[in-house]
Amino acid sequence: MMDGKAIDQDPMQMPTWSLGMAMAWIASRDVGSASALWRDGLESAWFADEDMAPNQSFIDAETALRNALVDGTITATGLLDSERVAVPVLAWEDMKISYGFAADDSLMHRATNAAGAMYTELRVSRSDILKLWPANAQLASTSRQRGPKPNKLEAVKIAMAEYNSTHGDLGGMKEAAMEARFGASRDTCRKARAQVLGSVAN
């Protein structure tokens, strides 16, 4: 579950996303990083590390999405009195965003309008989100370049080495955190970390 929505298929094929799923995409703009946030849930997405420091990119994504809802660039639906309805665009200007709990006790967005009516299980169109916030241009342009594909493992090793030289805590990073930060699979991250830390030790 991510923000009250079950992810039971490829998220990039789902017709609608929860607000949290949309925010995760806006914050990362690539499938690998967004997937890590989708998998870990809204609570984890809000925090950047185990010390509960706010994830600023996710906070900025919430602001961007809310602005798009207010100006009508993005529309949303929600459950109101157990019926799914379109949330009026004009209502977002005065909407108060709060949090409740989904069926699995995970955190979920909810929105209350000026009259006190509460919308739950808020949904936006995946295709609308992708049109407004397409995948990172750098990643897209890389895939269009001629010649051999770049070596992902080497790229991750370089990024990890730079990270470790600055922060020094690469060895203690959890796999989910590595996957999100370096935009690679856990297997690639494990291999890259082993090689980076091995070279540092030598």
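The values are calculated or read from the model by the stated rules, or taken from the named source; none is laboratory data. Bear in mind the structure is a predicted one, so any value in this text is a computation, not a measurement. Reconstructed Cβ throughout: ideal geometry from the backbone, glycine too, with neighbour counts over all protein chains shown. Calculation scope for accessible area: heavy atoms of the full protein, side chains included, ligands and nucleic acids excluded. Shrake-Rupley method; radii C 1.70, N 1.55, O 1.52, S 1.80 Å.
Brief remarks follow.
- One residue stands out among those in the stretch 163-202 that are among the β-branched types (Val, Ile, Thr) and either in contact with a Phe, Trp or Tyr (Cβ under 7 Å, 6 or more places away or on another chain) or at pLDDT 85 or above (or both): the one that is surrounded by the most Cβ atoms within 10 Å (Cβ to Cβ), which is Val196.
- For Asp105, the criteria (1) touching a Ser or Thr at 6+ places or on another chain (Cβ under 6 Å); (2) not in a strand (DSSP E or B) hold in every case but one, which is (1).
- Unmet requirement for Ala135, which otherwise passes all of (1) among the hydrophobic types (A, V, I, L, M, F, W, C); (2) open to solvent by 30 Å² or more (accessible area, probe 1.4 Å); (3) part of a helix (DSSP H, G or I); (4) at pLDDT 85 or above: (3)
- Residues that are open to solvent by 40 Å² or more (accessible area, probe 1.4 Å) and aliphatic (A, V, I, L, M) were ranked within the stretch 108-129; the one that is nearest to Met14 (Cα to Cα) is Met118.
- Restricted to the stretch 1-87, the set of helices (runs of 4 or more DSSP H) holding at least 1 residues that are among the aliphatic types (A, V, I, L, M) and open to solvent by 40 Å² or more (accessible area, probe 1.4 Å) comprises 31-45, 56-71.
- Among the residues of the stretch 88-126, those identified as among the hydroxyl-bearing types (Ser, Thr, Tyr) and free of Cβ contacts under 8 Å to residues at least 60 places away in the same chain are Ser98, Tyr99, Thr112, Tyr119.
- Filtered residue count, the stretch 94-126, keeping only those that are of a type in the set (Val, Ile, Thr) and within 17 Å of Glu83 (Cβ to Cβ): 2
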